[in-house]
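Input: a single structure, listed below in structure tokens.
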Amino acid sequence: MLKQIYTENAPAAIGPYAQAMLFNELLFTSGQIPVNPETGEVERREISVQAERVMKNVGAVLEAAGASFDSVIKTTCFLSDMNDFAAFNEVYGKYFTGRPARSCVAVKALPKDVLCEVEVIAVVEK
């Protein structure tokens with residue numbers, strides 16, 4: 001069974017895609033960037049501030065699907081500058097305490113010129 005997940009507590013998609021898709025018990029989120037869902041604005045241009053907002057957005061999508069950070073089995077993290085790796089990890093570690101599998105890569109650019117983006121795969125217990 002395939003179900004689209006949407007919450008007003010995370011930024012609306014800025015393109016033709018869903019915030020997340022639930023397939024049976026697996027949740028696949030789209031990448032979350034540091035946009036405040038209340039204002040539609042990108043958070044201050046500092047990696048720790050942007051990473052915190054990304055985690056809050058990821059958390060909102062997880063919650064809307066009936067999941068949590070503890071049910072995440074895989075993350076993919078995108079950084080615009082690998083020099084931000086340590087500061088990003090500090091924020092990341094506060095949320096992903098279960099230590100899911102992860103890929104973290106530097107990319108040339110991210111939407112809205114943000115510093116980080118995170119997508120996850122999680123298990124949703126029924």
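The values are calculated or read from the model by the stated rules, or taken from the named source; none is laboratory data. Just so it is clear, the model here is predicted, and its values are computed rather than measured. We place every Cβ from the backbone using ideal geometry, glycine too, and count neighbours over all the protein chains shown.
Pick from the range 20-48 the residues that are more than 20 Å from Glu90 (Cβ to Cβ) and surrounded by 22 or more Cβ atoms within 10 Å (Cβ to Cβ): which of them is nearest to the chain's Cα centre (by Cα)?
Among those that are more than 20 Å from Glu90 (Cβ to Cβ) and surrounded by 22 or more Cβ atoms within 10 Å (Cβ to Cβ), it is Thr29.
Taking Met55 and the conditions (1) over 16 Å from Ile14 (Cβ atoms); (2) surrounded by 15 or more Cβ atoms within 10 Å (Cβ to Cβ); (3) free of Cβ contacts under 8 Å to residues at least 60 places away in the same chain; (4) not β-branched (Val, Ile, Thr), which numbered condition does it fall short on, given that it satisfies the others?
Looking at each condition in turn, Met55 falls short on (3).
Say we look at the range 43-85 and pick out the residues that are among the small types (Gly, Ala, Ser) and touching a helix residue (DSSP H, G or I) at 6+ places or on another chain (Cβ under 6 Å); which of these is nearest to Lys108 (Cα to Cα)? Reasoning before the result, please.
Let us first name the residues in the range 43-85 that are among the small types (Gly, Ala, Ser), namely 48, 51, 59-60, 64-68, 71, 80.
Narrowing the set further to residues that are touching a helix residue (DSSP H, G or I) at 6+ places or on another chain (Cβ under 6 Å) leaves 48, 51, 68.
Values: Ser48: 19, Ala51: 18, Ser68: 30 Å.
Within the range 43-85, the match that is nearest to Lys108 (Cα to Cα) is Ala51.
Output the residue which, of all residues in the range 85-126 that are assigned to a loop (DSSP other than H, G, I, E, B) and not hydrophobic (A, V, I, L, M, F, W, C), is surrounded by the most Cβ atoms within 10 Å (Cβ to Cβ). Please lay out each step first, then the result.
Applying the first criterion (assigned to a loop (DSSP other than H, G, I, E, B)) to the range 85-126 yields 96-100, 107-110, 114-115, 124-126.
Pick out the ones that are also not hydrophobic (A, V, I, L, M, F, W, C) and you get 97-100, 108, 125-126.
Numbers: Thr97: 9, Gly98: 11, Arg99: 8, Pro100: 16, Lys108: 5, Glu125: 8, Lys126: 6.
So, considering only residues that are assigned to a loop (DSSP other than H, G, I, E, B) and not hydrophobic (A, V, I, L, M, F, W, C), the one surrounded by the most Cβ atoms within 10 Å (Cβ to Cβ) is Pro100.
Scan Ala51, Ala65, Ala86, Ala101 and give me the residue that is within 19 Å of Gln4 (Cα to Cα), at pLDDT 95 or above and either over 13 Å from the mean Cα position of the chain (by Cα) or not polar (S, T, N, Q) (or both). Give the steps one after another, and end with the answer.
Numbers: Ala51 fails: within 19 Å of Gln4 (Cα to Cα); Ala86 fails: within 19 Å of Gln4 (Cα to Cα); Ala101 fails: within 19 Å of Gln4 (Cα to Cα).
Answer to the check: Ala65.
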